[in-house]
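Working notes for the structure below.
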Amino acid sequence: MQYRRARRKFDDEPENHERWLISYADFITLLFAFFVVMYAISAVNIGKYKIFSDALGDAFGGKGAAQPVNTEVPNLPVPNPAIKRRNELLRKEKEQMTKLAQDLLSTMAPLVKEGKVRVTQNSRGVSVEINASVLFDPGDARLMPESVEALRAVAALLKGDSHDVQVEGHTDNQPIGNTRFPSNWELSSVRASSVVRLFIDAGVAPQRLTAVGYSANVPVADNDTPQGRARNRRVAVTILSGIPDPSTEVPTN
């Protein structure tokens, strides 16, 4: 009788409709923990993670079982075959031009020592600048006999080469006005042509040669002094680089 009364009392207790809050709270707690872990992984210190992963690997019987995740995108250069080929060609061209410059410097050594010849090298090529007093009488464009030997030595080096050659004539700013040359334009042009003709006679291919007269428009010294004017009267033999700098189209806007 007492048993039945106790059971009836238990059955009569009202049902608790808020028990779902316990499950909901557990779910929210787990969800929060999940996002905390995800944030921690996204901001992980790579060095500490590697130590931790190696320790786990050793503990479970295998080294390097866990590898750190590199969250950074490597900024590696993309190899460009065309650029690589051009750089290799530029390297070989520079080596070839440097050797040519050294050979020309050795060939013209006596005149270089006297300050009458200069050998320079840049991206355009190798230039041999010869003072006009070594090549011509004043106001004349015929090569002096003593200059022919030096020019033939230069031609011997150019003959075995394949680069184009530009011969430039330069004068000072003093008017010439003789019967053969009305101005320095004619004088500088014919002087350049005289050197070109000698090179052709010495075996340099004509299609590789160009003669240009600049008159007094490209001075390298002050024309107000006799020393400066003597420096400006010159012939420059430029061996042009076979790989010119790439051209860029000028934008219209």
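Here are a few things to note about the model shown:
Yes/no matrix, rows are residues, columns are (1) within 14 Å of ILE239 (Cβ to Cβ); (2) at pLDDT below 95:
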| residue | (1), (2) |
| --- | --- |
| LYS94 | yes, yes |
| LYS99 | yes, yes |
| LEU105 | yes, yes |
| THR120 | yes, yes |
| GLY125 | yes, yes |
| GLU129 | yes, no |
| ALA132 | no, no |
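The rows are residues; the columns are (1) part of a loop (DSSP other than H, G, I, E, B); (2) open to solvent by less than 60 Å² (accessible area, probe 1.4 Å); (3) at pLDDT below 95.
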residue: SER147; (1), (2), (3): no, yes, yes
residue: ASP172; (1), (2), (3): yes, yes, no
residue: LEU187; (1), (2), (3): no, yes, no
residue: ALA211; (1), (2), (3): no, yes, no
residue: PRO244; (1), (2), (3): yes, no, yes
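- Residue selected from segment 221-238 under the condition of a type in the set (A, V, I, L, M) and touching a residue at least 60 places away in the same chain (Cβ under 8 Å), by the criterion surrounded by the fewest Cβ atoms within 10 Å (Cβ to Cβ): ALA230
- The combined condition, being of a type outside the set (Asp, Glu) and assigned to a loop (DSSP other than H, G, I, E, B), is fulfilled by ALA141.
- The number of residues in segment 168-209 that are farther than 24 Å from PRO226 by Cβ, without any contact (Cβ under 8 Å) to a residue 40 or more places away in the chain and touching a helix residue (DSSP H, G or I) at 6+ places or on another chain (Cβ under 7 Å) comes to 2.
- Matching option when the condition is farther than 20 Å from GLY228 by Cα and either in contact with a strand residue (DSSP E or B) (Cβ under 9 Å, 6 or more places away or on another chain) or without any contact (Cβ under 8 Å) to a residue 12 or more places away in the chain (or both), among ALA132, ALA141, ALA155: ALA141
- Count - residues of segment 151-170 that are polar (S, T, N, Q) and assigned to a loop (DSSP other than H, G, I, E, B): 1
- For beta carbons closer than 8 Å, sequence separation of 6+ or different chains, a first residue in segment 80-92 that is free of Cβ contacts under 8 Å to residues at least 12 places away in the same chain and part of a helix (DSSP H, G or I) and a second that is open to solvent by 100 Å² or more (accessible area, probe 1.4 Å) and of a type outside the set (Val, Ile, Thr), there are no qualifying pairs.
- Qualifying residues in segment 114-145 (those that are open to solvent by 40 Å² or more (accessible area, probe 1.4 Å) and charged (D, E, K, R)) - the one nearest to the chain's Cα centre (by Cα): ARG124
- Cross-chain or 6+ apart pairs with Cβ under 6 Å, segment 97-115 first and over 13 Å from VAL154 (Cα atoms), then among the hydrophobic types (A, V, I, L, M, F, W, C) and surrounded by 16 or more Cβ atoms within 10 Å (Cβ to Cβ): MET97/VAL126
The values are calculated or read from the model by the stated rules, or taken from the named source; none is laboratory data. As the structure is a prediction and not an experimental result, all values here were calculated from the model. Cβ coordinates were reconstructed from backbone atoms using ideal geometry, including for glycine residues, and neighbour counts include every protein chain displayed. Note: areas computed on protein heavy atoms with side chains; ligands, DNA, RNA excluded. Shrake-Rupley method; radii C 1.70, N 1.55, O 1.52, S 1.80 Å.
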